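The values are calculated or read from the model by the stated rules, or taken from the named source; none is laboratory data. Remember, predicted model here, so these are calculated numbers, not experimental data. Glycine gets a Cβ as well: all are built from the backbone with ideal geometry, and neighbour counts include every protein chain shown. Surface areas here come from the heavy atoms of the whole protein model, side chains and all, with no ligands, DNA or RNA. Shrake-Rupley method; radii C 1.70, N 1.55, O 1.52, S 1.80 Å.
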Amino acid sequence: MASKELIHKLEQTIQNIPDFPQPGIQFKDITPIFLNPKLYEEVIEDLANFSRGKVDAVCGIESRGYLFGIAIAVALEVPFILIRKKGKLPPPFVSEKYDLEYGTSEIEMREGQLKPGQRILIHDDLLATGGTTEAAARLVEKQGGIVSEFSFLIGLKDLNGAERLKKFNAEVYTVLEY
């Protein structure tokens with residue numbers, strides 16, 4: 001659980017951009033965190049502490065899941081595995097389609113980077129509806145991995161993404177919730 005001090009610092013740092021990328025959306029701009037190396041380190045420490053001793057590898061979802069996911073893996077001294085958008089990885093890979101509000105999308109992971117039975121943390125910057133994260137979890141399961149945890153910098157409570165992830169019987173952690 002993030003300290004009140006860390007939550008306060010993040011709330012003061014993350015910028016709310018109204019009506020971006022479309023009217024009615026309140027975009028949470030996390031980029032100011034990267035201007036403060038000490039704050040970034042505090043975020044990584046918090047996220048790593050959630051998973052310490054409980055995972056064998058970290059999977060990060062392209063692209064903003066890499067911003068914290070790689071550093072979490074380094075802090076935990078475990079491998080980091082990329083989950084990328086369709087067409088970005090050389091073969092062999094496994095893929096998973098998922099529904100978007102209008103249409104479908106697809107993500108991929110290289111075969112053989114995840115070992116069967118490994119306990120996996122799936123990390124992304126934001127949990128909204130959970131569709132992309134659910135697809136990432138199915139990718140992990142396709143290769144015999146065990147989804148043991150999900151972590152996010154921000155969770156949007158009203159979109160019920162955490163509810164969607166319950167089927168994986170994995171812990172879900174968000175540093176901030178809006």
### Task
Specify which of the listed residues (Gln22, Gln12) is in a loop (DSSP other than H, G, I, E, B) and open to solvent by 70 Å² or more (accessible area, probe 1.4 Å).
Gln22
### Task
Tell me which residues, restricted to the stretch 157-171, are under 13 Å from the mean Cα position of the chain (by Cα) and surrounded by fewer than 20 Cβ atoms within 10 Å (Cβ to Cβ).
Ala162, Glu171
### Query
If a residue has to be open to solvent by 70 Å² or more (accessible area, probe 1.4 Å) and over 14 Å from Ala137 (Cα atoms) to count, how many in the stretch 91-113 make the cut?
9
### Task
Could you check how many residues of the stretch 79-90 are surrounded by fewer than 14 Cβ atoms within 10 Å (Cβ to Cβ) and not charged (D, E, K, R)?
2
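Table: residues versus (1) closer than 16 Å to Phe150 by Cα; (2) open to solvent by 70 Å² or more (accessible area, probe 1.4 Å); (3) not small (Gly, Ala, Ser).
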position	(1), (2), (3)
Pro32	no, no, yes
Leu35	no, yes, yes
Asn49	yes, yes, yes
Asp56	yes, no, yes
Ile70	yes, yes, yes
Glu77	no, yes, yes
#### Entry: Residue that is farthest from Tyr178 (Cα to Cα) [pool: residues in the stretch 122-142 that are open to solvent by 30 Å² or more (accessible area, probe 1.4 Å) and among the polar types (S, T, N, Q)]
Thr132
### Query
Which residue pairs have Cβ atoms closer than 6 Å, lie 6 or more positions apart in sequence or on different chains, and pair a first residue in the stretch 111-139 that is of a type in the set (Lys, Arg) with a second residue that is modelled with pLDDT of 95 or more and open to solvent by 40 Å² or more (accessible area, probe 1.4 Å)?
Arg119/Asp56; Arg119/Ile146
### Message
Filter the stretch 71-85 down to the residues that are among the hydrophobic types (A, V, I, L, M, F, W, C) and touching a residue at least 12 places away in the same chain (Cβ under 8 Å) and list them by number.
### Response
Ala71, Ile72, Ala73, Ala75, Leu76, Val78, Phe80, Ile81, Leu82, Ile83
